Amino acid sequence: MPLFSHRFSAGSAGGAPLPSFYSSKPVKPSKPSYSFSSTRTPLPLLVFSLLCLFIGLAGTLFAVYAIRRDQPLPVFRCGKSEDTFRAFYSSSDSAKLGDDSNKGLVDRPKLLGFVGIQTGFESGERRAALRSTWFPSDPEGLLRLEQATGLGFRFVMGKSKDAKKMTMLEKEIEQYRDFMLIDVEEECLKLPYKTLAFFKAALKLFKADYYVKADDDIYLRPDRLATLLAKERSEKMTYIGCMKKGPVITDPKLKWYEKSGHLIGNEYFLHAYGPIYVLSAEVVASLAAARNDSLQMFNNEDVTIGSWMLSMNVHHEDNRAICDPRCTPTSIAVWDIPRCSGLCNPASKLKELHKIGMCSKSPTLPPDDV
């Protein structure tokens, strides 16, 4: 519909009379008139025309800029997360893995637990070491582990503005298909934001009873972790980890400096070490429903998560088997606590631990003994 409707009639004010053949009635000759209509454009119409011209020019310039500017890489799309493993199995190329290999791979599969191994662009050696030890190095092995334990495992990676890094990541994804991609920038100072994005994406992609955040520098026993998660618990809102307290670091020169330490006081509240901890599905659902700007963010990721758990009145379950400094018949996760946040020199230490029978080959104990 046009913005303006123009109607003309014979003899209308300010308009020339229409020719006689437009009317069935004869038109009398008009007397000479000495009045002249003004040809000057009204000021409001002039202003409106100039405004339209300005808007049009601005739109044209913006269109030219949008076309010529560098386009973002297609790996990540705003607000999207991706499971490269399920994407691989749902593609037509997955037929080469066998007719029965992709059974049960449905949207948001049901799992006992989903384990997100937090990693980064500079951690290629760690991922290689993990794939040569307890983390399967091929899609079939990853699927078998999921079917045996009820646990899904993925490397969790954000994005980068560095095109070279993104290209290398694409090649690694093409080879291993074991990533969950999330829409965050890989910056150390934003780890709490990455963790929150991970839990939200994991909840969207997997229907699990528990969600596990783990770092890429720990030696993990998936079978024993499954045994731990399979235990009966009376509390639905559960937070499992190696719990700790300690003085708040307020010196900017020290490693674990907390900029907002004045909000906490002299000592931290009870919270789990960051290399690995577990949240029940109900807790993760509550976090996913919260607005990002409604949650307090601290410098340290483990402190940030602990503060949320405290405010949500979540049950804290302290379990030292997931922070064992050595391999034992009950160890679930082994790392060099408290010397390092994870294993010291993880790329080599992971392989050393895997050669120890107590780490890789000792049996899983019954649930009552774990």
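The values are calculated or read from the model by the stated rules, or taken from the named source; none is laboratory data. These numbers come from a predicted model, not from an experiment. For neighbour counting, all protein chains shown are included, and Cβ atoms are generated from backbone atoms with ideal geometry for every residue, glycine included. Each accessible area value is taken on the protein alone, full model and side chains, heavy atoms only, with ligands, DNA and RNA left out. Shrake-Rupley method; radii C 1.70, N 1.55, O 1.52, S 1.80 Å.
Just grab the label-to-label distance for A163 and K361, each label 7 Å out from Cα along the Cβ direction, in nm (one decimal).
Result for the modelled spin labels: 5.1 nm.
Treat each spin label as a single point 7 Å out from the Cα along the C-beta direction, and report the N313 to A230 distance in nm.
Label at N313, label at A230, 3.3 nm between them.
With 26 Å as the limit, write out which pairs from K110/K200; K253/K349; K159/K213 have Cα-Cα distances beyond it, or answer none. Write down the numbers at each step before the final one.
Working: K110/K200 16 Å; K253/K349 29 Å; K159/K213 18 Å.
Correct reply: K253/K349.
Determine, from the Cβ-Cβ distance of I55 and A290 and an R0 of 35 Å, the FRET efficiency 1/(1 + (r/R0)^6), rounded to the nearest 0.05.
Values: r = 40 Å, r/R0 = 1.15.
Computed FRET efficiency for I55 and A290 comes out at 0.30.
Averaged over every viewing direction, what's the projected area of the C-alpha convex hull for the stretch 158-248? Give it in nm², one decimal, please.
Numbers: hull surface 34.5 nm².
Projected over every direction and averaged, the Cα hull of the stretch 158-248 covers 8.6 nm².
In whole percent, and with a 1.4 Å probe on the protein chains, what portion of the accessible area of the stretch 236-370 is carbon and sulfur? All intermediate terms of the calculation are to be shown ahead of the outcome.
Working: 3680 of 6980 Å².
Exposed carbon and sulfur together represent 53 percent of the surface.
What does the highest-first list of 274-287, 134-147 look like by mean Cβ count within 10 Å? All intermediate terms of the calculation are to be shown ahead of the outcome.
On the way: 274-287: 21.1, 134-147: 17.1.
Averaged packing, sorted descending, gives the order 274-287, 134-147.
Say each of C344 and Q147 gets a label point 7 Å from the Cα, pointing the same way as Cα to Cβ; how far apart are those two points in nm?
A separation of 4.2 nm, rounded to one decimal place.
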